[in-house]
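These notes concern the structure reproduced below.
Derivation of every value follows stated rules applied to the coordinates shown; laboratory data play no part. In this text, all values refer to a predicted model and were calculated from it rather than measured experimentally. Ideal geometry is used to build each Cβ from the backbone, glycine not excepted, and the neighbour counts take in all protein chains shown.
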């Protein structure tokens, strides 16, 4: 856990006035606020840093303590005790910044209120915002839920564990890759009675070996033997909702496509509505021909030329 | 829309400590919907996340209505661009698979 230079976080000098700090905070908060940077984890973390720096520097008492102990923040408590028991202990000038440059390091863990361990050590868990008693909304959480294509095909329930709590959610059929749902109040806890943040779940739909999905339509490839492709017939096709029989027209070309209406993916929150299934035929040329087969093909060749 | 999907605008204002004038202005600017039933304003539940976001912009960041309008417009544009990129990525992935590129 490293010392954090709150002044450099806000980009102000150590002699900055309260007004300078307020201005710098507002400017940076507008730049990095999570609402203005959706799904940007870096901006989110920067916003927490800015908030923390403002929390300390905008409060005269916290700022004084922070300025007084500087890099010796780890011993702040001992210094305070010493200061109380003897006169002339640690004065204002004794352990200040002295013009040293420290680099802010927020890489350490943040507590559930979004404050660093450094902050907690210096001001304690209850040190945050208690003086002003301002309510702050909890942090929004972002999570990814990976589903395979078959799961996303039907409405089903899943239980998620968020911060030790089990949440049962219903996932409607047809959920799209990248779609985000919000679970209100399942984010970080609010501060000073502020409301909890929300949990945003992004669905990641995994690829399927035989089906590709685009919107509500599905795409697949069916292999046809040469004779069925030439003379027509029927093939059985495995779809996500079961087997279907597919009629093959005579003289079907390799690479040609057919559309099966309403055999695609269910439309999100539209009961009984589905996209289409596009089937591409891939004609397989027979191998290991017998001499007799070769002869018959030669006959065919002669007839065609 | 059923009344069960609506939240009384005044209730929202009390809960979030915002003035009714603020959401009324958002409504006038076309940023949120307000449904009026028997002279009482209601907010559709589906609008809540957007309204909460706009409230945070106003009260946490001290952005005025004109600024909020501009931001809302840019965020929508950004969202639509993200969706276009996402759609194109999906399409590209499909073609790459189908044609073995």
- Sticking with the crude label model, points 7 Å out along Cα→Cβ, report the distance from residue A:13 to residue A:181 in nm, one decimal please. 5.5
- Item | Modelled FRET efficiency - R0 41 Å, residue B:77 with residue A:209, Cβ distances, 0.05 increments | 0.65
- Query: Within segment B:48-71, what residues put their amide N at less than 18 Å from the label point 7 Å along the Cα-to-Cβ vector of residue A:23?
  - Reply: B:62-63
- Residues residue B:89 and residue A:64, FRET efficiency given R0 of 56 Å [Cβ-Cβ distance, rounded to 0.05]: 0.60
- Query: By how many degrees, between 0 and 90 and to the nearest 10, does the Cα long axis of helix B:48-59 differ from the longest principal axis of chain B?
  - Reply: 70
- Under the rule rounded for a/c under 1.5, else prolate if a/b exceeds b/c, else oblate, using alpha carbon gyration tensor axes a ≥ b ≥ c, segment A:1-51 is classed as oblate
- Residue-normalised 222 nm signal for chain B, counting each DSSP H run of n ≥ 4 as -39,500 (n - 2.57), nearest 500 deg cm²/dmol, is -21000 deg cm²/dmol
